[in-house]
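Just below is one structure, and these are the notes that go with it.
The values are calculated or read from the model by the stated rules, or taken from the named source; none is laboratory data. Computed from a predicted model, the values in this text were never measured in an experiment. Counting neighbours? That spans all protein chains shown, and the Cβs are built from the backbone with ideal geometry, glycine included. Side chains included, ligands, DNA and RNA excluded: accessible areas come from the protein's heavy atoms. Shrake-Rupley method; radii C 1.70, N 1.55, O 1.52, S 1.80 Å.
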Amino acid sequence: MVYNAGGFDPSQLNTPEARRLIAETLQQLNTAISSGVPHEVPEVVRYALENNAFIFSGFKAFHTLREVGLSLTTDKGEIKPFETFLKDVEQVNNRYNHNYLYAEYNHAVGASLMAARWQQIEADGDRYDLQYRTAQDDRVREDHAILHGTTLPPSDPFWAQYLPPNGWNCRCTAVQVRKGKYPQSDPALSMLRGQNCTEAAKQQIFRFNPGKELKLFPPKHPYYKAPEAAKKELFHIAKREAQNNAAPIVLEMDNLQTGKLNQTRKAMQRAYGHAFNQEELSMYDYIIANIDKLVFKAFSPFGEGKDLTNPKHEKNLKKKRERGVTGYNVYSIIISGIEWQVKTEIYKNRTEAVYHIMKKK
């Protein structure tokens, strides 16, 4: 594809060839997720991880194909003979789809396991302590060995940055332990050790908690550094993919004003449709997985703020009436110190569904 086109640009990410490359990477990562996530984990958690794997696969495809495009010409700017070009592409393929993918697969297994485990850890609160453990063999890297035995409550800030895995091919884990069975570690010293463990520039990206953020891969991974054209193309691809794979979610929740979340497949598709960027698209999954943390702020009447003399507004309201919308509830949730506004539609059957989120400025 790249050879015939005479180069690569972000618009080619939406071609069948590029989509197959994304799908192949995603298949490997989803296999890793299946290995790490137990069946009893809420479906929304599994989907959030798979959605992050899809986004990661898209950005990886961009960087892979970008290097393929750069391999097309000689230092003098001349197109290489196809056989010469093919040999160079094979080297790109070996680096991205063998060497890198091996480490990415292993990371996805460990991160999905810890993300799934974190849901139970968070549900239990500080009833138990959390303890960092290495594989305790001769392959454990020295800086990770220093963290072995670190024991702190799950609410301690240490776990927001240093929940394993803390590097490529890291085999460390964290387990709940009974209060008092092990002496608690010094919080400040533990943070210092965590910083030392990840002080190299390439290690600092691992300062995140896959369970808190419901992400497989570090948000600051270098794959995510891409031109706006590529980000825009991948966002539209991810949005369509999310809508195609949307699944219904029904939950009884005391903190919701109606007491019941009824996120039908169509409601979920509408919610994804309201995302204006990749962060918002990903945040829908996180918010629904943490729906119990929403705090009610206000009720908004049906049609509020709409100009009923505007045909476009009237058409929009008519569609909402037909699906039973009677009003809106406005909630807030704090995520990593940032407040998000969450708006739900209220239906005639006294249920509600998330349909719009927005970061508060």
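Rolling a 1.4 angstrom probe over segment 210-265 with all protein chains present gives an accessible area of which 51% lies on carbon and sulfur atoms. A simple spin-label model places the labels of Glu339 and Gln120 3.6 nm from each other, with each point 7 Å out along Cα-to-Cβ. Of all the options Thr150, Thr309, Thr258, the one that moves most in a Gaussian network model of the chain with Cα springs shorter than 10 angstrom is Thr309. Restricting attention to segment 284-336, lysine pairs at least eight places apart or on different chains and with alpha-carbon atoms under 17 angstrom apart total 5.
Sparse packing (at most 13 other Cβ atoms within 10 Å of the Cβ) combined with a DSSP loop state is found for the following GluC sites (Glu not before Pro) in segment 113-217: Glu199. Per-atom-type breakdown for segment 1-139 gives carbon and sulfur 48% of the accessible area (1.4 Å probe, protein chains only).
Counting only protein heavy atoms and using a 1.4 Å probe, the accessible area of Lys239 comes to about 40 Å². Counting Lys and Arg as +1 and Asp and Glu as -1, what is the net charge of the other residues whose Cβ lies under 12 Å from the Cβ of Thr344? The answer is +2. Rounded to the nearest Å, what's the spacing between the alpha carbon centres of segment 259-312 and segment 117-144? Just the number, please. Centre-to-centre (Cα) distance: 35 Å. Under a 5 Å amide H cut-off, with hydrogens placed 1.01 Å from N, Thr150 pairs with Tyr132 among residues at least 5 apart or on other chains.
Among residues other than Met358 with Cβ under 13 Å from its Cβ, the summed charge is +2 (Lys and Arg +1, Asp and Glu -1). The 1.4 Å probe gives accessible areas that order Tyr182, Tyr286, Tyr132, largest first, as Tyr182, Tyr286, Tyr132. Between the residues Ala275, Phe217, Asn290, the greatest Cα displacement towards the positive end of the dipole of segment 169-300, with unit charges on the Cβ of Lys, Arg, Asp and Glu, is found for Phe217.
Between Gln136 and Lys225, the contour length at 0.36 nm per residue exceeds the Cα-Cα span by 28.5 nm. Applying 1/(1 + (r/R0)^6) with r as the Cβ-Cβ distance of Arg265 and Ser300 and R0 = 30 angstrom yields a FRET efficiency of 0.75.
Accessible area per residue for the chain in Å², computed with a 1.4 Å probe and the full protein assembly in place, what is it?
51
For the residue pairs Lys220/Lys359; Lys80/Lys220; Lys60/Lys359; Lys212/Lys348, the alpha carbons lie more than 23 Å apart in Lys80/Lys220; Lys60/Lys359; Lys212/Lys348. Shown here for segment 93-173: trypsin sites (Lys or Arg not before Pro) in loop regions (DSSP other than H, G, I, E, B) with at most 15 other Cβ atoms within 10 Å, namely Arg139, Arg141. What's log10 of I(q)/I(0) for segment 17-150 at q = 0.13, 0.15, 0.21, 0.22 Å⁻¹, Debye sum over Cα points only, no solvent? Those come out to -0.73, -0.87, -1.21, -1.25, one per q.
Taking the 1.4 Å solvent-accessible surface of segment 319-361 as the whole, the part contributed by carbon and sulfur is 50%.
At 0.36 nm per residue, and after removing the present C-alpha to C-alpha distance, how many nm does the segment from Lys319 to Ala247 gain when stretched out fully? Walk me through the numbers before you get to the answer.
Numbers: separation 72, 0.36 × 72 = 25.92 nm, distance 2.17 nm.
Net length gain for the segment: 23.8 nm.
As a rough guide to protection, the peptides 62-71, 187-196 ranked by mean Cβ packing within 10 Å, highest first, stand as 62-71, 187-196. Stretching Lys232 away from Glu40 to a fully extended chain increases their span by 65.6 nm, per 0.36 nm per residue minus the current alpha-carbon distance.
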